[in-house]
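This report concerns only the one structure given below.
The values are calculated or read from the model by the stated rules, or taken from the named source; none is laboratory data. The shown structure was predicted, so the numbers you read here are calculated from the model rather than taken from an experiment. Quick reminder, even Gly has a Cβ in these numbers, built from the backbone with ideal geometry, and neighbours come from all protein chains shown.
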Amino acid sequence: MSKLYLVPTPIGNLEDITIRAINILKSVDVILAEDTRTSGFLLKRYEINKPLISHHKFNEHKASQQIVDRIIAGQTIALISDAGTPAISDPGFFLVKHCIENNIEVECLPGATAFVPALVNSGLPNERFCFEGFLPQKKGRQSKLTELAEEQRTMIFYESPHRLVKTLTQFSEVMGEDRKASVSREITKLYEENARGTLSELVAHFSAKTVKGEIVIVVGGKVIEKKKKEYIKKDRM
């Protein structure tokens, strides 16, 4: 039966792809790739020879109807991103929404994503958390930071290496320099780093070095001090 598959791909180490993901990619009619050149290395590694169509944030709105028409006509299609799970801070949401509106079956395979290992490695509370992805670059950024300063759950952000120190500095200014946080970069790769400490310590650490790779920032939520309960002794009559 024709459908859309969302297939997670490794975030670094090419061995982190599942056997099922490989089998699905070998079985579909077409593979949609965020960057066909980047995905080409992975597909070649596992001897996957399928037609590739570029599907990225600049063409996903325009191309989605054509993809839906292909599936309705009987094709089975897989969507992959450059790394990780499609639609998580990557193209995919609009296509999934469009497929559902057209009663097309959508199946997302479990697999690699960057924020889960970063959260677990952080040592911060992970029973409740919120994923914020990339913060707004300009409009609405300050108000968003002010809002998040009151968030009590652990928060997860994606960031680019050249904006890392600026973002950590802003976190420190708005949330307090003693707020606990963690920065993970190059996850699953040879030079993976997980740096933990206060926001001020992390600013100092990354200001003293050249930062490369994909970045995940994990910030502890606001700690609310429990009010001491006051017990009032009632006079016995």
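Have a look at E127, E101 and point out the one that is assigned by TED's automatic domain parsing to the domain that holds I19, of a type outside the set (G, A, S) and farther than 18 Å from P8 by Cα. Working first, answer last.
Values: E127 fails: assigned by TED's automatic domain parsing to the domain that holds I19.
Residue meeting the stated conditions: E101.
Kindly indicate whether any position in the range 56-65 is within 16 Å of the chain's Cα centre (by Cα), of a type in the set (A, V, I, L, M) and at pLDDT below 95.
no
Do you know which residues across the range 51-78 are touching a residue at least 60 places away in the same chain (Cβ under 8 Å), outside any loop (DSSP other than H, G, I, E, B) and among the small types (G, A, S)?
Within the range 51-78, just A78 meets the criteria.
Output the qualifying pairs, or none if there are none: Cβ atoms under 7 angstrom, residues six or more apart or on different chains, first residue in the range 196-214 and among the charged types (D, E, K, R), second residue in a strand (DSSP E or B).
R196/S182; E214/R185
Residue by residue through the range 199-212, note down the ones that are surrounded by 16 or more Cβ atoms within 10 Å (Cβ to Cβ) and either in contact with a helix residue (DSSP H, G or I) (Cβ under 6 Å, 6 or more places away or on another chain) or outside the structural domain of A181 (by TED's automatic domain parsing) (or both).
Step one: filter the range 199-212 for residues surrounded by 16 or more Cβ atoms within 10 Å (Cβ to Cβ), giving 199-203, 205-206, 211.
Of everything in the range 199-212, those that are surrounded by 16 or more Cβ atoms within 10 Å (Cβ to Cβ) and either in contact with a helix residue (DSSP H, G or I) (Cβ under 6 Å, 6 or more places away or on another chain) or outside the structural domain of A181 (by TED's automatic domain parsing) (or both) turn out to be L199, S200, L202, V203, F206, V211.
Just wondering, is there one or more residues in the range 105-114 that are within 30 Å of R185 (Cα to Cα), of a type in the set (A, V, I, L, M) and either touching a strand residue (DSSP E or B) at 6+ places or on another chain (Cβ under 6 Å) or exposed (fewer than 14 other Cβ atoms within 10 Å of the Cβ) (or both)? Reasoning before the result, please.
Keep residues of the range 105-114 that are within 30 Å of R185 (Cα to Cα), which gives 107-114.
Subset that is of a type in the set (A, V, I, L, M): 109, 112, 114.
Narrowing further to those that are either touching a strand residue (DSSP E or B) at 6+ places or on another chain (Cβ under 6 Å) or exposed (fewer than 14 other Cβ atoms within 10 Å of the Cβ) (or both): 112, 114.
Yes - at least one qualifying residue is present in the range 105-114.
Applying the selection to the range 18-45, what residues are part of a loop (DSSP other than H, G, I, E, B), closer than 13 Å to L109 by Cβ and in contact with a Gly (Cβ under 9 Å, 6 or more places away or on another chain)?
Here is the first cut: in the range 18-45, the ones part of a loop (DSSP other than H, G, I, E, B) are 18, 28-29, 34-35.
The next check asks that each one be closer than 13 Å to L109 by Cβ; those that pass are 18, 28.
Of everything in the range 18-45, just one residue is part of a loop (DSSP other than H, G, I, E, B), closer than 13 Å to L109 by Cβ and in contact with a Gly (Cβ under 9 Å, 6 or more places away or on another chain), namely T18.
Which residues, counting only those in the range 119-171, are closer than 16 Å to V216 by Cα, in contact with a helix residue (DSSP H, G or I) (Cβ under 8 Å, 6 or more places away or on another chain) and β-branched (V, I, T)?
Once the filter is applied, which keeps residues that are closer than 16 Å to V216 by Cα, in contact with a helix residue (DSSP H, G or I) (Cβ under 8 Å, 6 or more places away or on another chain) and β-branched (V, I, T), the range 119-171 yields T154, I156, V165, T169.
Please verify whether I88 is modelled with pLDDT under 95 and buried (at least 17 other Cβ atoms within 10 Å of the Cβ), treating the condition exactly as stated.
On the way: modelled with pLDDT under 95: yes; buried (at least 17 other Cβ atoms within 10 Å of the Cβ): yes.
Here the answer is yes, as I88 does meet what is asked.
Would you confirm, using the coordinates I've provided, whether L42 is free of Cβ contacts under 8 Å to residues at least 60 places away in the same chain, in contact with a strand residue (DSSP E or B) (Cβ under 8 Å, 6 or more places away or on another chain) and either surrounded by 14 or more Cβ atoms within 10 Å (Cβ to Cβ) or among the aliphatic types (A, V, I, L, M) (or both)?
Details: free of Cβ contacts under 8 Å to residues at least 60 places away in the same chain: yes; in contact with a strand residue (DSSP E or B) (Cβ under 8 Å, 6 or more places away or on another chain): yes; either surrounded by 14 or more Cβ atoms within 10 Å (Cβ to Cβ) or among the aliphatic types (A, V, I, L, M) (or both): yes.
Criteria met by L42.
Would you call I48 over 14 Å from P86 (Cβ atoms) and assigned to a loop (DSSP other than H, G, I, E, B)?
Numbers: over 14 Å from P86 (Cβ atoms): yes; assigned to a loop (DSSP other than H, G, I, E, B): yes.
Yes; evaluated as a whole, the condition is true for this residue.
Can you confirm whether K26 is closer than 24 Å to F115 by Cα, outside the structural domain of E186 (by TED's automatic domain parsing), out of contact with any Cys (no Cβ under 6 Å at 6 or more places or on another chain) and not aromatic (F, W, Y)? Spell out the reasoning first.
Details: closer than 24 Å to F115 by Cα: no; outside the structural domain of E186 (by TED's automatic domain parsing): yes; out of contact with any Cys (no Cβ under 6 Å at 6 or more places or on another chain): yes; not aromatic (F, W, Y): yes.
So K26 does not fit the description; no.
So which residues in the range 145-187 are closer than 14 Å to I215 by Cβ, among the charged types (D, E, K, R) and surrounded by fewer than 22 Cβ atoms within 10 Å (Cβ to Cβ)?
Within the range 145-187, E159, R163, K166, E186 qualify.
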